[in-house]
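S.K.: Could you have a look at this structure, given as structure tokens, before my questions?
The values are calculated or read from the model by the stated rules, or taken from the named source; none is laboratory data. None of the values given here were measured: they were computed from a predicted structure. Counting neighbours? That spans all protein chains shown, and the Cβs are built from the backbone with ideal geometry, glycine included. Each accessible area value is taken on the protein alone, full model and side chains, heavy atoms only, with ligands, DNA and RNA left out. Shrake-Rupley method; radii C 1.70, N 1.55, O 1.52, S 1.80 Å.
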Amino acid sequence: MGEGSFGFLFLYMNNLENIFLDFGLSWTLAKALPYILTLLIGILLSVLLFRKKNKRLKLLFGLPFSFLFFAAYFIFYPIYEGDFSNRSYKPKTENLSELKNDEFVVVAIPGCMYCLESIEKLNKLKKRNPDLKIRFVVLSSDDEDLKYYREIAVPTISVAKAKETKRFLEISKGGFPTFLSVRSGKILKAWSNDSFGVLAMDEVEN
């Protein structure tokens, strides 16, 4: 199997994450399953290929082969520190006049690559939870800074300028995007970008 074949296989495996999400699996399980499947595929192929070999050959070649697919997939799609994290914090400021009832708020700044990347997750989150109110708040006074975010976000996600920029800066601690879980107009929890992993996504949904 050539490098191109591996690439096609792992691209398909990565799409499985979205397929699992569309089937209603949790964010954590959908993220973990492709890694588990590649490990199981390697073990199965190793058993089939080396079942007639002696024990020494099985240990020498069969065991490393069992982890081949998992290792290759991991190279294509490494697990980063924050992928499975859920390290929230309680901001000192709980109340902002522009926070409304129950909603999920993402605080962003113009031209932020990680803020743009977060919209893909938000679109999926909204698709899975149509009743969840999601608002994308940009710390800017220029409408042009909102244009690109609005083009990427689904229409049911609100993209607006922040009215209380200084207070949002305090809450975000200067890191963007920052995710806020708001209930009855109060911030219950906040997450930085590197602490808002699939476990946190599951918590927001639940």
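S.K.: Residues Leu33, Leu25: which one is in a helix (DSSP H, G or I), surrounded by 13 or more Cβ atoms within 10 Å (Cβ to Cβ), modelled with pLDDT of 85 or more and not polar (S, T, N, Q)?
M.R.: Details: Leu25 fails: in a helix (DSSP H, G or I).
Answer to the check: Leu33.
S.K.: Which of the residues that make up segment 147-176 are part of a helix (DSSP H, G or I) and either surrounded by fewer than 19 Cβ atoms within 10 Å (Cβ to Cβ) or under 20 Å from the mean Cα position of the chain (by Cα) (or both)?
M.R.: Listed by number, the residues that qualify are Lys147, Tyr148, Tyr149, Arg150, Glu151, Ile152, Thr165, Lys166, Arg167, Leu169, Glu170, Ser172.
S.K.: Can Glu203 be described as open to solvent by 10 Å² or more (accessible area, probe 1.4 Å), over 22 Å from Glu117 (Cβ atoms) and either not in a helix (DSSP H, G or I) or not hydroxyl-bearing (Ser, Thr, Tyr) (or both)?
M.R.: Values: open to solvent by 10 Å² or more (accessible area, probe 1.4 Å): yes; over 22 Å from Glu117 (Cβ atoms): no; either not in a helix (DSSP H, G or I) or not hydroxyl-bearing (Ser, Thr, Tyr) (or both): yes.
Considered against the rule, which asks whether it is open to solvent by 10 Å² or more (accessible area, probe 1.4 Å), over 22 Å from Glu117 (Cβ atoms) and either not in a helix (DSSP H, G or I) or not hydroxyl-bearing (Ser, Thr, Tyr) (or both), Glu203 comes out as no.
S.K.: I need every pair where a residue in segment 70-90 that is farther than 14 Å from Leu39 by Cα and at pLDDT below 85 has its Cβ under 9 Å from the Cβ of a residue that is open to solvent by 60 Å² or more (accessible area, probe 1.4 Å) and part of a helix (DSSP H, G or I), sequence separation at least 6 or different chains.
M.R.: As it stands, the answer is Phe76/Leu11; Glu81/Asp194, since those pairs meet every condition given.
One line per residue, one yes/no per condition, for (1) in contact with a Gly (Cβ under 9 Å, 6 or more places away or on another chain); (2) closer than 18 Å to Ile187 by Cβ:
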| site | (1), (2) |
| --- | --- |
| Asn101 | yes, yes |
| Ala108 | no, yes |
| Glu117 | no, no |
| Lys124 | no, no |
| Arg128 | yes, no |
| Asp131 | no, no |
| Ser140 | no, no |
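S.K.: Checking the conditions here, which among Pro130, Pro110 is closer than 17 Å to Ala162 by Cβ, open to solvent by 10 Å² or more (accessible area, probe 1.4 Å) and part of a loop (DSSP other than H, G, I, E, B)?
M.R.: Values: Pro130 fails: closer than 17 Å to Ala162 by Cβ.
Of the residues listed, the single one that is closer than 17 Å to Ala162 by Cβ, open to solvent by 10 Å² or more (accessible area, probe 1.4 Å) and part of a loop (DSSP other than H, G, I, E, B) is Pro110.
S.K.: Here is a follow-up. Let me spell it out: the conditions are (1) open to solvent by 10 Å² or more (accessible area, probe 1.4 Å); (2) in contact with a Cys (Cβ under 9 Å, 6 or more places away or on another chain); (3) in a strand (DSSP E or B), and Arg135 meets all of them except one. Which number is the exception?
M.R.: Single failed check for Arg135: (2).
S.K.: What residue, of Leu125, Leu139, Leu146, is under 21 Å from Leu25 (Cα atoms) and in contact with a strand residue (DSSP E or B) (Cβ under 9 Å, 6 or more places away or on another chain)? Don't jump to the end; show me each part of the working.
M.R.: Values: Leu139 fails: under 21 Å from Leu25 (Cα atoms); Leu146 fails: under 21 Å from Leu25 (Cα atoms).
Result: Leu125 is the single residue among Leu125, Leu139, Leu146 that is under 21 Å from Leu25 (Cα atoms) and in contact with a strand residue (DSSP E or B) (Cβ under 9 Å, 6 or more places away or on another chain).
S.K.: Moving to a separate point now. Being polar (S, T, N, Q) and within 23 Å of Cys112 (Cα to Cα) is the filter; apply it to segment 177-200 and report the residue that is farthest from the chain's Cα centre (by Cα).
M.R.: Ser181
S.K.: Just for segment 72-106: of the residues that are surrounded by 13 or more Cβ atoms within 10 Å (Cβ to Cβ) and among the aliphatic types (A, V, I, L, M), which one is nearest to Ser172 (Cα to Cα)?
M.R.: Val106
S.K.: Among the numbered conditions (1) closer than 28 Å to Glu81 by Cα; (2) modelled with pLDDT of 95 or more; (3) open to solvent by 30 Å² or more (accessible area, probe 1.4 Å); (4) not basic (Lys, Arg), tell me where Leu180 comes up short.
M.R.: Just one mismatch for Leu180, condition (3).
S.K.: Please state which of the following conditions Ser118 fails to meet, knowing it meets all the rest: (1) open to solvent by 10 Å² or more (accessible area, probe 1.4 Å); (2) assigned to a helix (DSSP H, G or I).
M.R.: (1)
S.K.: Restricting to segment 109-132, name every residue that is hydrophobic (A, V, I, L, M, F, W, C) and under 16 Å from the mean Cα position of the chain (by Cα).
M.R.: Hits for segment 109-132 are Met113, Cys115, Leu116, Ile119, Leu122, Leu125.
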